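Please read the structure below before turning to the comments.
The values are calculated or read from the model by the stated rules, or taken from the named source; none is laboratory data. Predicted model, so just to flag it, every value in this text is computed and none were measured. No Cβ is skipped: glycine too gets one built from the backbone with ideal geometry, and neighbour counts run over all protein chains shown. When the accessible area is computed, the model is the full protein with side chains, heavy atoms only, and any ligands, DNA or RNA have been set aside. Shrake-Rupley method; radii C 1.70, N 1.55, O 1.52, S 1.80 Å.
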Amino acid sequence: MAVGAMLALGACSSDKVTDAVVVSAVEVSPRLSTARVGTTQQLTAVAKDSKGTPMSGETFTWTSSEPTVATVNASGVVTFVGAGSTAILATSRGTSGFATIVSDANVAVVAMSSATVNVGLGQSVQLTATPQDAKGNALFRPVTWTSSAPTVATVSASGLVTSVSAGTTTITATSESKVGSTAVTIVPPPPVATVALSPNSGFMPTTVGVPLTITLRDAANVLLTDGRIVTYTSSNAAVATVSATGVVTGVAPGAVTVTATSEGKSATASFNVRTGVKHNTPLTFSNSTTSLTQFAIYVPAGSTSLKVTLGSGTGDPDLYLYKPGNTNSAADDCHSFNDGPTESCTVTNPAAGVWWVLIDPYVAHVGTIITATIVPTPP
């Protein structure tokens, strides 16, 4: 009986089956890593059972899906070796989890938009610098700009080079200790070769300033607009004066020559100053007039109306207007011959320049007031 009982117990004991250990999930952390080429990152893995409970004592096999981007050793240490992204897998008992790895390349070179640049004095030029990896791929990295000679040219934080004086400087762009450079030469402007004045001849009224327009060109006949220094002189200040900005004002009847000079080159304008009618200011004939009287009045460009009137006084003067360039006294551009001392001539959109005013005494007149009104009122 004892032996049978033992046999029976032994048979019952051999029927017991041990359950196999199963890994339901593997979690890798951190799930996302980004770093530069040449650096490392430690990953960790945890195995969990079907209930989500962490399992202790598990070992893992580590692999990289793209070893050219990142490698991983048996301890889960990732080495970033090339630009790109890859998955790092940790496997235990046939179940895997992964982390995403993004490898960002280092700057290998800073490519400049130009190796050399010539910039005219007073001008600016925009440079660009592109950080690139070892494969020539553009990288979005900060760039610091410097000029080796700020007295020659300065450079802004965005790479805008502004000339200061003639000479040469090196503009440097730096990103992650890598440097690109551009040699910038600030070229002095070409010298003045010719000077021209407009108007350069004609009649000049007294009391009214006539602005001269100066044109400067280089030896290639290129217009110079970079603010060259110009000086003006009058051959006879008692006849006409000229301001520093080229405004000529007749003082008394006579001939005068105005000279404009820039960088040793000159141009002249010759004028015959006549008694003028001042803009919008009456001029009175105080004595009896029995002969033709001529006046000059300057009409600026952009004027919309010129009106000349005679009034007051006694007698019967007649009024004639002649536009600039009209030397035919028999072909006036406006006339008025009313009976008595009152006359008026109006010209719409008058041509710019010196207009002649002719007063013909049909009957001797005295105390006549002549007024010229220009719209808009000249300065």
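Among the residues making up the stretch 334-348, those that are among the hydroxyl-bearing types (Ser, Thr, Tyr) and either closer than 14 Å to Thr314 by Cβ or open to solvent by less than 20 Å² (accessible area, probe 1.4 Å) (or both) are Ser336, Thr342.
Looking for something open to solvent by less than 20 Å² (accessible area, probe 1.4 Å) and not charged (D, E, K, R) - is there at least one such residue anywhere in the stretch 324-333? Scanning the stretch 324-333, I find no residue that is open to solvent by less than 20 Å² (accessible area, probe 1.4 Å) and not charged (D, E, K, R), so the answer is no.
Please indicate, with yes or no, whether at least one residue in the stretch 67-85 is at negative phi, assigned to a strand (DSSP E or B) and without any contact (Cβ under 8 Å) to a residue 24 or more places away in the chain.
yes
The numbered conditions (1) touching a residue at least 40 places away in the same chain (Cβ under 8 Å); (2) touching a Gly at 6+ places or on another chain (Cβ under 8 Å); (3) closer than 30 Å to Val109 by Cβ are all true for Thr207 except (3).
Results for (1) within 41 Å of the chain's Cα centre (by Cα); (2) over 27 Å from Ser329 (Cβ atoms); (3) open to solvent by 40 Å² or more (accessible area, probe 1.4 Å), shown as yes or no for each residue.
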| residue | (1), (2), (3) |
| --- | --- |
| Thr215 | yes, yes, yes |
| Ala220 | yes, yes, yes |
| Gly227 | yes, yes, yes |
| Gly276 | no, no, no |
| Asn280 | no, no, yes |
| Gln294 | no, no, yes |
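When Thr34, Thr68 are checked against the criterion of being under 17 Å from Val102 (Cα atoms), out of contact with any strand residue (DSSP E or B) (no Cβ under 6 Å at 6 or more places or on another chain), open to solvent by 70 Å² or more (accessible area, probe 1.4 Å) and modelled with pLDDT under 95, a single residue qualifies: Thr68. Being in a strand (DSSP E or B) and open to solvent by 40 Å² or more (accessible area, probe 1.4 Å) is the filter; apply it to the stretch 235-247 and report the residue that is modelled with the highest pLDDT. So, considering only residues that are in a strand (DSSP E or B) and open to solvent by 40 Å² or more (accessible area, probe 1.4 Å), the one modelled with the highest pLDDT is Thr241. For the stretch 349-379, the set of residues classified as without any contact (Cβ under 8 Å) to a residue 60 or more places away in the chain, in a loop (DSSP other than H, G, I, E, B) and open to solvent by less than 20 Å² (accessible area, probe 1.4 Å) consists of Pro350 only.
Among the residues of the stretch 179-197, those identified as assigned to a strand (DSSP E or B) and more than 12 Å from Arg228 (Cα to Cα) are Val179, Gly180, Ser181, Thr182, Ala183, Val184, Thr185, Ile186, Val187, Thr194, Ala196, Leu197. Has the stretch 333-348 got any residue that is touching a residue at least 40 places away in the same chain (Cβ under 8 Å), more than 30 Å from Thr194 (Cβ to Cβ) and not hydroxyl-bearing (Ser, Thr, Tyr)? Checking the stretch 333-348: at least one residue is touching a residue at least 40 places away in the same chain (Cβ under 8 Å), more than 30 Å from Thr194 (Cβ to Cβ) and not hydroxyl-bearing (Ser, Thr, Tyr).
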